[in-house]
Every structure is written in C-alpha cells, then in structure tokens.
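Engineer: Sharing a structure, written as structure tokens. Questions coming.
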Amino acid sequence: MKKAFYICSSACLAALAVCYGVWVSEQKDIGILSVVTSILVTLLFGVLLIWLVKAIIDAWFGKRDEDTVRPLLRTDGARRYEVLKVGAYILVSRFVVFLLVYLMYTAMHGYKGGILDTLEEIWKRFDSPSYLGIAERWYVTSGDPQYHIVFFPLFPIVIRLFNYITGNTFASAMLVSLLSSVGAGMMLYKLLLIDYSEKISKFTVLLVFIFPAAFFFSAPMTESLFLLISVTCLYFTRKKLYLFAGVFGALAAFTRSQGVLLMVPMGIEAVRELIIMFKTKDKNAWRGLASRLTGIIIVPVGLLMYIWVNYSVWGDAFKFLEIQREHWSQGLSFFFNTVSYQTDLFIRNLDKVNVETAWGLWFSNLAATFGTLIIVICGAKKLRASYLGYFAAYFVMSIGATWLLSAPRYMTVAFPVMLALATMCKKWSKKIITIVVIAAMSLLYTAAFVAGNYQIW
C-alpha cells in the first residue's frame, strides 16, 4: 500500500504542478504578492491531496477503521429527543439572527417600518430577487429577468409550492429557508452520529450555524435547502441506501451545480463497501454493485433536468453557460487563479474610496479560501475519506469559479470544514475560544452585510 500511496500521491501532485505551471506561464503583469498567494494555496491543496490519497487507500484497503457504524444513541426515544433538541436550537438561532439583523439595520439606517418590511428590505437583494422572480414568473427570455436562467430551479419551485400556504413569495422563501435550516441541522447531526461522538456531532452543528456567513441560511437563497438535501444524500449513503441517496443527490444537483459533486463521496463509500463484499465473498456483492452504481448514476439527472429547462425555455441546452460568461464573467478556472486576481484586487482597492470593498469582498473571499483549506488539512486525519474527497472536489469547483464573489457563502455549506474544526476541539477551553472567535467574526461579517456598502455576496 505504501507503493500505491507514493504512486497515486505523486501523480496527483504532478498533475497539480503541471496545471499551475501552464497557468503561470500564461500570466502577464502579475504582482509578486499575487504570485506568492497563488503558490501558497497550491501548496496547501497539494498537502490536502496527499491526505486524501492516504485516506482513500487506508479506507479501501483496511488500515483506516471506517466500517464500524456507531449506535446513534442508546434508545430510539433518546435519539428522537436529541435530534429534536438540535432542531430546536437551530430554530431559536434563526430567530436570533432575524432579530439581530433587524436591530443592526435599524441602528445603521433608522426605523423604516414593521419587522417583515424591514427584513424584506434587508434580505431581498443580490441573488434573492432572482430566485423570487423565478418563483413568480418562471424563466423568461426578455428583459433583465432573462439572466435568471443561471439560477437552478428547485429552490424557486419549493417557494412556489409554499405560496399556496402563505400567498406571499418573499414570506414563502424565508419560510423555506427557515425550515430547511432546521432540517439540515437535524440531518447533519444524524449523519455525524454514525461515525462521531455526540459531543463532536453537536459541536459541528453549532459551528455550522455560527460560521461567519451562516446568516445566509436565513436568507431567501439556496444555502439551507442545499445543505439539507446534500447531508440527507450522504446520510442514506452511509446507511447503504444508495437509491435514496441518488434521488437526494439529484435534487441537490437540481438546486446548485455543486450538487453533482456528491457522486464523489458516494463513489468512495461504494468502492470501500464493494471491496469488503467481494473480499468476504458476500453472495449479494453483484446486487450491491448494481444498486450502488444505479444510485451514483442518478445524481447527474438533476443537472440534466436543469439543462433540459434551459433547452425548453431558450432552445439552447447550455444557455446558462453563455449568460454566466457574458453577463457575470464567470466560468470554471483554477482556484489558484482565483486567489491570484483576488489578491491583486484587494491591494488595488485599499484606498479611501474602495476600502470597504477591499475588506468586505476581496479579503473575506481570501480568508474563506485559505481558512477553510487550512482547517480541513489540520483535521484531515479525523475525517472520513468520503468527506475529505467531497471537500476537495467542492473546493476546486467553488473556488475555481472566475470572478468569484461568494467564497464565504459557498464554503458555509461545506460541513467537513466545521467537522474538522470540531474534532480538534476536545477540551472545553478550546471549544470556548473557538466559539468566541467565530462568533465575533460572524457578528462583524453580519454587520458588514447589513451595512450594505461592503459588497457581501
């Protein structure tokens, strides 16, 4: 296995080095600091790749104990009670966020009416009007709403369904995000209990919902729904119910493009289980192969459905790619390219006119990129191979987007980050320090969002 590890890790690092070399050879007028940060993030990701290769080899060939399924709790009654407690915590935390944001807004901008009207003024901006517009009128081919085709359909569809209850699109969107947040916290807790202690599982959920960009779970955007669906997919994967996992994976891919990446952890888990089944000559091995393969293949169906929506509306299956490129200057590049230009933009915006953009937008994006990567590397030893693989794929796709504006928001749903941090905080002193530091960062970032001039996307 050592030989396999050296071969695989060397191949991964060589591929990474080639990609970086090709990219840097094409750069012109790149600043020294931009070069330094791009090299640093590449080296860090290289370390992550080494950990990932080791974790996968150990998981597949027996040196890493990933086969023991812990009992969730001692009794079903206790299990339900603890899960409901987690749900109650999430529910209370969301109302705290609503109240906090309301108080911040009134303090900064003055009293502008009732709570609901003020919340609508706070939250109904950036991407949320696009989702609300799709929920009200579906996709169109004229005017500014024609650009809404780049936003995936499931969240607006759910909003539209809730409209039959509320009769108000904004209220429906907020309710969907609220309920999805509660459900996401409960499902994440259930997922983590399969492999981790109650303390680590609860602390991870706590960290997820106090991370600096966690206020987006309360916004009329896809974060809470995507987290709910993706962790449910992984829960069924860990329970070896791959057909159910595939359905939820497809729903995730119908919510955000990153949903298709759930094929990665599903694949890692499936291979590990199949190796065990064939080694032990399990008579159900071939049936297991078929069910797992079917479940994994179902995941991209969600993306194909979105492509079909593009075709049905525009007559062009890939219209979203064209609009992303021409209207938002977005495509898929390398994460070190993202770090490079964001470093440059941060430096250039450090003046009296654009200082808010420098710190609120570009610095926060860089901090989220480096911070999450470092946290996962430090806690990689305690992460399942599938979770580590999911984060690596998610990082490459999310941070690799050109003209990236939303790294903190994107990385908030990458729960392996919070899990890695939770596994490193065994002592109460470390937990308290971690909570205080993250809570302070969260308050600062939330205040910047409410202020409105820091370009928090």
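Computed from the coordinates by the stated procedures, all read-outs in this text should not be read as laboratory data. The structure presented is a predicted model; accordingly, all values stated were derived computationally and were not measured. Counting neighbours? That spans all protein chains shown, and the Cβs are built from the backbone with ideal geometry, glycine included.
Engineer: Give the order of Val96, Val309, Val182 when sorted by the count of other beta carbons within 10 angstrom, beginning with the fewest. Please report the intermediate quantities before stating the final value.
Structural biologist: Values: Val96 11, Val309 19, Val182 22.
The most exposed by this proxy come first: Val96, Val309, Val182.
Engineer: At Ser25 and Leu84, where each label point lies 7 Å from the Cα along Cα→Cβ, what is the point-to-point distance in nanometres?
Structural biologist: 6.4 nm
Engineer: Which of the peptides 380-391, 210-221 is most tightly packed, and how do the rest follow, judged by the mean count of other Cβ atoms within 10 Å per residue? Please list the in-between numbers first.
Structural biologist: Working: 380-391: 23.5, 210-221: 25.7.
Packing order, densest peptide first, comes out as 210-221, 380-391.
Engineer: Which value, in debye to the nearest 20, gives the size of the charge dipole of the chain about its Cα centre, when Lys and Arg are +1 and Asp and Glu are -1 at the Cβ? Intermediate results must be reported in sequence, preceding the final value.
Structural biologist: Details: 42 positive and 26 negative charges, 409 e Å.
Charge dipole, the chain, about its Cα centre: 1960 debye, nearest 20.
Engineer: Run the reach check for Lys239 against lysines, Cα to Cα strictly under 23 Å, same-chain hits fewer than 8 apart removed. What comes back?
Structural biologist: Output for Lys239: Lys63, Lys85, Lys190, Lys199, Lys202, Lys279, Lys281, Lys283, Lys381, Lys382.
Engineer: Can you give me the long-range amide H partners of Ala401? Hydrogens built in the peptide plane at 1.01 Å from N, cutoff under 5 Å, separation of 5 or more residues or another chain.
Structural biologist: Sorted by chain and number, the residues that satisfy this are Ser333.
Engineer: Can you give the direction-averaged projected area of the convex hull of the alpha-carbon atoms in the chain, in nm²?
Structural biologist: Working: hull surface 96.5 nm².
Mean projected area for the chain: 24.1 nm², to one decimal.
Engineer: For Phe254, Phe209, which order do you get if you count the other beta carbons within 10 Å of each Cβ and list the fewest first?
Structural biologist: Working: Phe254 22, Phe209 25.
Least crowded to most crowded, the residues run Phe254, Phe209.
Engineer: Here's another thing I want to ask about it. Mind checking which of Gln27, Ile377, Ile134 is farthest towards the positive end of the chain's charge dipole, using Cβ charges of +1 (Lys, Arg) and -1 (Asp, Glu) about the Cα centre?
Structural biologist: Value computed over the given set: Ile377.
Engineer: Something else about it: Order by neighbour count: Trp359, Trp328, fewest other Cβ atoms within 10 Å first, most last.
Structural biologist: Numbers: Trp359 17, Trp328 14.
If I rank by nearby Cβ atoms, fewest first, I get Trp328, Trp359.
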